[in-house]
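A.B. asks: First, the structure itself, so that you have it in front of you.
The values are calculated or read from the model by the stated rules, or taken from the named source; none is laboratory data. Because the structure is predicted, anything quoted here is derived from the model rather than measured. Don't worry about glycine lacking a Cβ; one is built from the backbone with ideal geometry, like all the others, and counts go over all protein chains shown.
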Ligand code: NIG
Ligand code: FE
């Protein structure tokens, strides 16, 4: 069989190889192949390893010399608020002066400020801004992005956000997975009438399902936002409609959102900076993945999720960027990985698992991507580093040289390659 493309002369190829979710110790199990190649045909991995590959070459085969650089699966950013309008640098100054994040939200700012701007923004503007953010993420090695709505808080704007994701899915090389998050905050027009908003949300989920605009439903379970019992009601209905469910849980206060996630069979519970020991235990006995977002702790100057404790107690962990204008305004996924190293005290192998196969598992795309294996999509990175440890050590810069998605070169020599 002839390959369309071969990446050869790879110094070291790193990939998870066990069946996910990888819990605890298994997160360290990464296969490393020296002097490797990857052959691609029809967008999928035809073969890989360190054996002979000349048989796959014809005149039509594109050859990429990796010049002894390293290769790994494309990164999967499994938690972002990709589609939004505007920025909140003024609020950042207030945060730094010590005003709490939840207080700003309570006073009608924070998320509600972005809701206001996103409602007013045109579809085209939102599309353009999100497209640019995806380009930036791709330059840093991200090949799949989960994108949440949640800056509309009315059906019209939530649908607008999700339609933007749908169009991006059709036109941007990055793979997208969408989540409906109408329960991101209570909109100002429902201030002091939360119950009425929840009723509205319940109906809106039927609409989102009928339009087939999201794969999952997410709720911000937090003091002053949605309580554990409200989150439960919303997600029980979501499940009954056939959505996957996930929770922004125990981010600021330890309400027990992670435990609720386990009870509901959530695909992931996210943030977990304030998770209780009891809920760590529940997670370790479940298939719910703990999705940790260290960039948010960094930006909000909060404590970090107890990743070491979780992994040592056999939890399955992933990491994500949480790209959004209020608590983590960055597209730099390598910085997120470096924070996982420095602040979450995760090893390089654990971080690679947490950035590839474990997020692929909780987004339910692990049969397609998240590791390098024959038959999977050829979503891979050529990284200009001598080994994986180096990528986490030399921080704040971009190490990714080339990016392939579905076997196509989408970033070459750190430049985006546009299809004509
Ligand atoms: O994941 N915590 C809630 N939602 C986002 C922040 C959204 C915002 O501040 O605009 C988060 O951190
Ligand atoms: Fe978030």
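A.B. asks: Only one residue in 381, 335, 352, 339 is within 16 Å of ligand 2 (Cβ to nearest atom) and not in a loop (DSSP other than H, G, I, E, B). Which one?
C.D. replies: Testing whether each residue is within 16 Å of ligand 2 (Cβ to nearest atom) and not in a loop (DSSP other than H, G, I, E, B) leaves just 339.
A.B. asks: Follow-up. Which of the residues that make up segment 295-317 are over 19 Å from residue 357 (Cβ atoms) and either crowded, with 16+ Cβ neighbours inside 10 Å or in contact with a strand residue (DSSP E or B) (Cβ under 6 Å, 6 or more places away or on another chain) (or both)?
C.D. replies: Those that are over 19 Å from residue 357 (Cβ atoms) and either crowded, with 16+ Cβ neighbours inside 10 Å or in contact with a strand residue (DSSP E or B) (Cβ under 6 Å, 6 or more places away or on another chain) (or both): 295, 296, 297, 298, 299, 300, 302, 304, 305, 306, 313.
A.B. asks: Can you tell me how many residues in segment 241-282 are over 19 Å from residue 318 (Cβ atoms), at pLDDT 95 or above and within 15 Å of ligand 1 (Cβ to nearest atom)?
C.D. replies: Matching residues across segment 241-282 total 1.
A.B. asks: Next up: Output yes when any residue across segment 241-256 is in a helix (DSSP H, G or I) and either more than 20 Å from the chain's Cα centre (by Cα) or closer than 19 Å to residue 79 by Cβ (or both), and no when none is.
C.D. replies: No, segment 241-256 contains no residue that is in a helix (DSSP H, G or I) and either more than 20 Å from the chain's Cα centre (by Cα) or closer than 19 Å to residue 79 by Cβ (or both).
A.B. asks: In segment 274-287, what count of residues is obtained for those that are assigned to a loop (DSSP other than H, G, I, E, B) and out of contact with any helix residue (DSSP H, G or I) (no Cβ under 6 Å at 6 or more places or on another chain)?
C.D. replies: Number satisfying all stated conditions: 4.
A.B. asks: Within 16 Å of ligand 1 (Cβ to nearest atom) and closer than 20 Å to residue 411 by Cα: does that describe residue 77?
C.D. replies: Yes: the conditions hold for residue 77.
A.B. asks: In segment 289-304, what residues are free of Cβ contacts under 8 Å to residues at least 40 places away in the same chain and either outside the structural domain of residue 100 (by TED's automatic domain parsing) or under 20 Å from residue 246 (Cβ atoms) (or both)?
C.D. replies: 290
A.B. asks: Looking only at segment 314-332, count every residue that is away from ligand 1 (no atom under 15 Å from the Cβ) and not in a loop (DSSP other than H, G, I, E, B) and tell me the total.
C.D. replies: Of the residues in segment 314-332, 2 are away from ligand 1 (no atom under 15 Å from the Cβ) and not in a loop (DSSP other than H, G, I, E, B).
A.B. asks: Return the residues of segment 1-26 that are outside any strand (DSSP E or B) and either touching a helix residue (DSSP H, G or I) at 6+ places or on another chain (Cβ under 6 Å) or modelled with pLDDT of 95 or more (or both); say none if nothing qualifies.
C.D. replies: The answer is 2, 3, 4, 17, 18, 19, 20, 21, 22, 24, 25, 26.
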